[in-house]
Amino acid sequence: MAAKIKKGDKVVILAGRDKGKTGEVLQVLPEESRAIVQGINLVRRHTKQTASQESGIFTKPAPIHLSNVAVADANGKPTRVGFQIKDGVKSRVAKSTGDAIDG
């Protein structure tokens with residue numbers, strides 16, 4: 001099945017403590033149906049010192065379920081994603097506006 005959300009997409013958060021915020025997808029984890037979005041779902045982690053990194057408390061984005069994320073259309077509003085085959089090339093389109101989704 002083709003991916004509706006890909007790395008680099010601008011997305012809107014639909015549910016959770018960051019509802020309404022927007023961010024860019026840094027990584028998609030298809031096996032877990034989750035995505036990591038920049039600046040969203042931030043958690044603090046206590047880490048031990050290793051040979052390659054210092055110890056301390058670090059803030060990093062945690063994965064969020066794909067059902068709580070929607071691609072932002074040209075207006076910045078959440079939209080569903082559809083697929084369109086044109087000249088033998090499959091591309092993603094926004095359901096609300098019909099525009100092609102770049103990314």
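The values are calculated or read from the model by the stated rules, or taken from the named source; none is laboratory data. Quantities reported herein were computed from a predicted structural model and do not represent experimental measurements. Reconstructed Cβ throughout: ideal geometry from the backbone, glycine too, with neighbour counts over all protein chains shown. Keep in mind that these areas ignore ligands, DNA and RNA; they rest on the heavy atoms of the full protein, side chains included. Shrake-Rupley method; radii C 1.70, N 1.55, O 1.52, S 1.80 Å.
Observations on the structure shown:
- Lys/Arg +1, Asp/Glu -1 at C-beta; the chain dipole; positive extreme among Phe83, Asn41, Thr22: Asn41
- Dipole magnitude of segment 20-103, debye to nearest 20 (Cβ charges: Lys/Arg +1, Asp/Glu -1, about Cα centre): 260
- Listed pairs Lys7/Lys90; Lys60/Lys86; Lys7/Lys86; Lys4/Lys48; Lys60/Lys95 exceeding 29 Å between Cα atoms: Lys60/Lys86; Lys4/Lys48; Lys60/Lys95
- Averaging Cα coordinates gives a centre for segment 1-24 and one for segment 58-75; these two points are 3 Å apart.
- Using the Karplus relation 6.51 cos²θ - 1.76 cosθ + 1.60 with θ = phi - 60°, the per-residue 3J(HN,Hα) values for segment 38-50 come to 4, x, 10, 6, 6, 10, 9, 10, 8, 10, 7, 6, 10 Hz, with x marking Gly and Pro.
- Per-residue HN-Hα couplings for segment 54-61 [Karplus 6.51, -1.76, 1.60; θ = phi - 60°; Hz; x = Gly/Pro]: 7, 8, x, 10, 10, 9, 9, x
- Kirkwood radius, segment 3-103, all distinct C-alpha pairs, inverse of mean reciprocal distance: 14.9 Å.
- Annotation: amide H-H contacts under 5 Å for Ile40 (H modelled 1.01 Å from N, sequence separation of 5 or more, or interchain): none.
- When the surface is traced with a 1.4 Å probe over the full set of protein chains, Ser67 keeps roughly 80 Å² accessible.
- The share of accessible area on the chain that comes from carbon and sulfur is 49 percent, using a 1.4 angstrom probe.
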